[in-house]
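Peer 1: There's a structure below that I have some questions on.
The values are calculated or read from the model by the stated rules, or taken from the named source; none is laboratory data. Being a predicted model, the structure only gives us computed values, none of them experimental. Positions of Cβ are generated from backbone atoms using ideal geometry, with glycine treated the same way; all protein chains shown enter the neighbour counts. For the accessible areas, the whole protein counts, side chains as well, though only heavy atoms, and no ligand, DNA or RNA atoms are used. Shrake-Rupley method; radii C 1.70, N 1.55, O 1.52, S 1.80 Å.
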Amino acid sequence: GLDFTLDWFDIEMRDQVQDLRTDNVLQDEANCRIGSTPTGTAVDGNSPTCTDAVARVVRLADGGLYGVYVNPINVASETTSGLDLTARSRFDTGIGTISVTGGYTWVDKHEFQQYTGDVIEDEFAVNSGFYIPKTKASLTVGWTGGPWAVTVHGQRLGRIASYDSWAFQDIEPDSGIDPWVKATYLYNATVGYAFNELSRLTLTIDNLTDELPPRDPTHGGYPYYNLSWFDSVGRTYYLQYTHEFGGGN
């Protein structure tokens, strides 16, 4: 009544297409001309990224900005590795059949190099400018008994760097200031009733506990959370009736 899979993934991508962003090019150009990042990390003005960024920014004689050339580029490389675990169990009880499915992903590394010769960036570093979780987990518990079927699904998204996490790299660990947006949880539920083999009614509730997106106090603009991972949709209900025609005897 139990099966599980454990996978190790190790992926290397080369020459993938990526759109350049104007704000990133301007930040790179500023770092390259100044010789350091806002946190004081030294920047090599002769690196491939600096050479490219400076060439893309056109300035007037007085230093004012005239324009920025952006276009899709081929990224030198991006690598990632980690573990995927899935486990499933199903067993009968006196009150019906219970099924349990769990999943867990742990990413060991995720590195990025924009141009050959650039420094390889760790996307999990607190000041990297990337906002990705190191772990994800989910658990689904289902019960069926007669015409009834109930499923509860929960998922956990590991912590991600805060929007201005680069500003925290020199802060002492016991300062009480956290450069991370803590792990978040989301729950969904489904209740179904089968009138017969051809007709059934299903009620689905997403975001069962009506959770709000985690507010990032370092995010300077509305809506003050990471739009890549969260949305503002609260508890949502769906009622669906399904009937199959021509399937019976």
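Peer 1: Extending each Cα 7 Å along its Cβ direction at residue 193 and residue 58, get the distance between those two points in nm, one decimal.
Peer 2: Computed distance between label sites residue 193 and residue 58 equals 6.9 nm.
Peer 1: Could you name the lysines in cross-link range of residue 109, using Cα to Cα under 16 Å and dropping any fewer than eight places away on the same chain?
Peer 2: 134, 136
Peer 1: For 34, 73, write out the residues from largest to smallest accessible area, computed with a 1.4 angstrom probe and no ligands counted.
Peer 2: Result of the area sort, largest leading: 34, 73.
Peer 1: Run through the range 195-244 and list the chymotrypsin sites (Phe, Trp or Tyr not before Pro) located in a DSSP loop whose Cβ has at most 16 other Cβ atoms within 10 Å.
Peer 2: Sparse-neighbourhood loop chymotrypsin sites (Phe, Trp or Tyr not before Pro): 195, 224, 229.
Peer 1: Across the chain, where is the longest run that never hits GluC sites (Glu not before Pro) in a DSSP loop with at most 11 other C-beta atoms within 10 Å? Please list the in-between numbers first.
Peer 2: Values: sites that count: 197, 244.
Segment 1-196 is the longest.
Peer 1: Is the shape of the range 22-77 rounded, prolate or oblate, going by the alpha carbon gyration tensor and its root eigenvalues a ≥ b ≥ c, with a/c under 1.5 for rounded and a/b larger than b/c for prolate?
Peer 2: oblate
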